[in-house]
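The values are calculated or read from the model by the stated rules, or taken from the named source; none is laboratory data. Since the model is a prediction, treat every value here as computed from it, not as a measurement. Note: ideal-geometry Cβ built from the backbone for every residue, glycine included; neighbour counts use all protein chains shown. To get the accessible areas, we keep the full protein, side chains included, count just its heavy atoms, and leave off ligands, DNA and RNA. Shrake-Rupley method; radii C 1.70, N 1.55, O 1.52, S 1.80 Å.
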Amino acid sequence: MAGKWLPAAELTGSGRPVLHTGEVECSLLSSVDLECEENPNFPLFKSGLLIVTTHRLLWIPASSTAAFAIPLAAVSHIFSSSSSAKKSMIKTMFASPRVRIQVSATPEGRVEEGGSRSVVITLVLRGKSDQSDSFSGKLWEAWRGRAWESAGDSGSSSGVGGGVGGGGGVMSVRMPVVGVSGILRKEQEMWESTDKSLQDAFQDLNALMSKAKEMVMLAEKMRLKLLSGSNNQASAANDEEMGSKEEMQDWLLSVGIASPVTKESAGALYHQQLSRQLADFVKVPIERAGGMVNLIDIYCLFNRARGTELISPEDLLQACSLWEKFDVPVMLRKFDSGVMVIQSKSYRDEEVLLRIKSLVLKPDALRTGISASDAAITLGIAPAMAKEHLLTAETKGLLCRDVSPDGFRFYVNLFQEIVLDDLFLVKDHGTYSAWVSAAVASR
Amino acid sequence: MQKLGDFKMPNFFNYPPYFTLQPVKDTREKQIQLWKELILDYCRTQKFFIIELEKEFPLFTNPVIERSLSHEARDIFLSALVSDGRAEWMDKGHRKCLILWHRIQDWADLILRFVKDNGLEDSVMTVEEIRSGTESRGTELHGIDRTVLMRALKLLEHKGKLTIFKGTSADDEGVKFSI
């Protein structure tokens, strides 16, 4: 129904909007209604989350199911919120603040860029009134920034100097800086010949901020260049060079969350939105690590991707603990030892236990046991993580420990197989007999 | 098969985790039981009566796998024997432990059988004679620890089966049986 009047917007699995290239969130506000007085068929948009980005106005219902968007390009006028309220002072004291925007629409009344008709849509801000003032300010800023106009040509332009920079004075929309600076500095000599304008970016932070978007593009371009380069000279390039190229690619890939959720843009919704963004972000690293990643590793990866908009460990923890309230495919888990990890909900301990079991039953492991790093190599995970798994397996009675000057090792648990009444009995075909033959073979 | 003197060691004596205190409850319980059995077995066949925690005890170190029990582990395993009534701490500091592979009551019964077997029901013997005399040779009483023997004799005295008295030499005591 609603899709008939407003274009739909895409959402991620955890309910965050999918942003277009170069699109950045400017402000978030909860409890916002959308109304259209001219159109009696306009459906009820009640109490949703309104997000102002550099390109669109996004409205997400509380259920986070289907979102709608008003392209800022379609907005032809924003009415000052106070003008209509002058009619009655008493009314303004109690009524929710309203922001009216004039948008172009098709003759049928569907909101669309470049439509022949125009309709007025009212945003009813039911949240705290102090927020609504800054909200309309942000909306004005975003609308006047006209970031959507530069999006098209900067994507295809061959020169890096194009894009937003060309807008000159229109740069009123502050682009959050994305964390390329560290990487770029490392590879600076490679870049020096590429573009002189990049040099300016390193001079001071303000310049860097205005160049952030270009740099993400440049990083992307270099990645593609490296990719094609390695294909072309695959035969000629030596291994070392290939290795550094792959490393460089990895760096460039981990560069950017284009629109990090910040306290400034999200306000009271900060932790909730951060939580959703984090849920989207962790999917790839968790998958790569086999279903579970240390919280500390995520902290580093997440902040690296956010660039200069760093978050504190407390914010991360709070964002993780909010997952219980949302339907996201990941969860926070705390081990008995206090180590915290993020794991996917589909993750099963049993699978790891089975793999550990087959590992400790190998003749070598029967004889000498396994260390956390042995398990880490076999399971393809970090040693700290492997140790947690081994300790879990120990608690379940699968393993037992051997602490000696040689270190901390784990053996398959034989204790339950030994018969108390006959200490010398070794039953055939058991783990105990397998261990005995492995141990005898070693002497 | 590994041997300690003429004592045949069970296979698990070469299992390294056997020498590390296991933290998981079920595993630890089984480990303690295995140690209790092995200590009693070993002391019975080798006639060890006293284990001193701070001194080398053959069972507590396995040079083949280079493992040895920590002081804490020794204390825990022996304390488990103590709570079973199969051992007694000889000092408050838990430095020396008396191992009773026979309980004192069982030792007393052994003495009674020994007296009857040898027709000594109304005789007089010195304590030292019971431990190392010709009569006791070949019985379990031969080589018994003096502390254990005195405890058993006192138990029998309490029941009126014998009288202990000071002997002629200062360091020996005599026993008058009256069964």
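Can you tell me which of (1) under 24 Å from B:LEU141 (Cβ atoms); (2) away from every other protein chain (no Cβ under 14 Å) is the one B:LEU40 doesn't meet?
(2)
Could you give me the residue pairs with C-beta distances under 6 Å whose first residue belongs to segment B:3-16 and is within 9 Å of chain A (Cβ to nearest Cβ) and farther than 24 Å from B:LYS47 by Cβ, whose second residue is open to solvent by less than 70 Å² (accessible area, probe 1.4 Å) and basic (Lys, Arg) wherever it lies, and which are 6+ apart or on separate chains?
The qualifying pairs are B:PRO16/B:ARG67.
Can you say whether B:ASP145 is open to solvent by 50 Å² or more (accessible area, probe 1.4 Å) and over 30 Å from A:PHE408 (Cα atoms), as far as the supplied structure shows?
no
Among the candidates A:LEU399, A:LEU391, which residue alone is open to solvent by 30 Å² or more (accessible area, probe 1.4 Å) and within 12 Å of chain B (Cβ to nearest Cβ)?
From the options A:LEU399, A:LEU391, the qualifying one is A:LEU391.
Whether any residue in segment B:69-87 is outside the structural domain of B:LEU40 (by TED's automatic domain parsing), in contact with a Phe, Trp or Tyr (Cβ under 6 Å, 6 or more places away or on another chain) and surrounded by 17 or more Cβ atoms within 10 Å (Cβ to Cβ) is what I want to check.
The answer is no, given that none of the residues of segment B:69-87 is outside the structural domain of B:LEU40 (by TED's automatic domain parsing), in contact with a Phe, Trp or Tyr (Cβ under 6 Å, 6 or more places away or on another chain) and surrounded by 17 or more Cβ atoms within 10 Å (Cβ to Cβ).
Quick one: is B:VAL64 surrounded by 14 or more Cβ atoms within 10 Å (Cβ to Cβ) and either more than 9 Å from chain A (Cβ to nearest Cβ) or under 24 Å from A:ALA439 (Cβ atoms) (or both)?
no
Against the condition aliphatic (A, V, I, L, M), within 11 Å of another protein chain (Cβ to nearest Cβ), surrounded by 13 or more Cβ atoms within 10 Å (Cβ to Cβ) and touching a Phe, Trp or Tyr at 6+ places or on another chain (Cβ under 7 Å), how does B:ILE32 come out, does it pass?
Yes; evaluated as a whole, the condition is true for this residue.
Test of understanding: among B:HIS94, B:HIS102, which residue is free of Cβ contacts under 8 Å to residues at least 60 places away in the same chain and within 17 Å of B:ALA152 (Cβ to Cβ)?
B:HIS102
With the requirement that a residue be open to solvent by 10 Å² or more (accessible area, probe 1.4 Å), among the aliphatic types (A, V, I, L, M) and in contact with a Leu (Cβ under 7 Å, 6 or more places away or on another chain), what does segment A:65-76 give you?
Across segment A:65-76, there are no qualifying residues.
Out of segment A:414-442, which residues are within 8 Å of another protein chain (Cβ to nearest Cβ) and open to solvent by 20 Å² or more (accessible area, probe 1.4 Å)?
Selection gives A:GLN416, A:LEU420, A:PHE424, A:VAL426, A:VAL436.
Quick test of your reading of the structure: A:ALA62 fulfils all but one of (1) at pLDDT 75 or above; (2) open to solvent by 20 Å² or more (accessible area, probe 1.4 Å); (3) small (Gly, Ala, Ser); (4) farther than 30 Å from A:LYS325 by Cβ. Name the failing condition by number.
It is condition (4) that A:ALA62 fails.
Residue under question is A:ALA376, and the condition is that it be surrounded by 14 or more Cβ atoms within 10 Å (Cβ to Cβ), over 18 Å from B:THR27 (Cα atoms), out of contact with any strand residue (DSSP E or B) (no Cβ under 9 Å at 6 or more places or on another chain) and away from chain B (no Cβ under 14 Å); does it hold?
In short, yes.
Answer yes or no: is there a residue in segment A:67-88 that is modelled with pLDDT under 85, charged (D, E, K, R) and assigned to a strand (DSSP E or B).
no
Would a scan of segment A:317-328 turn up a residue that is closer than 27 Å to A:GLY380 by Cβ, of a type outside the set (A, V, I, L, M) and part of a helix (DSSP H, G or I)?
For segment A:317-328, residues closer than 27 Å to A:GLY380 by Cβ, of a type outside the set (A, V, I, L, M) and part of a helix (DSSP H, G or I): present.
Out of A:GLY243, A:GLY256, I need the residue that is modelled with pLDDT under 65, within 16 Å of the chain's Cα centre (by Cα) and open to solvent by 20 Å² or more (accessible area, probe 1.4 Å). Which one?
A:GLY256
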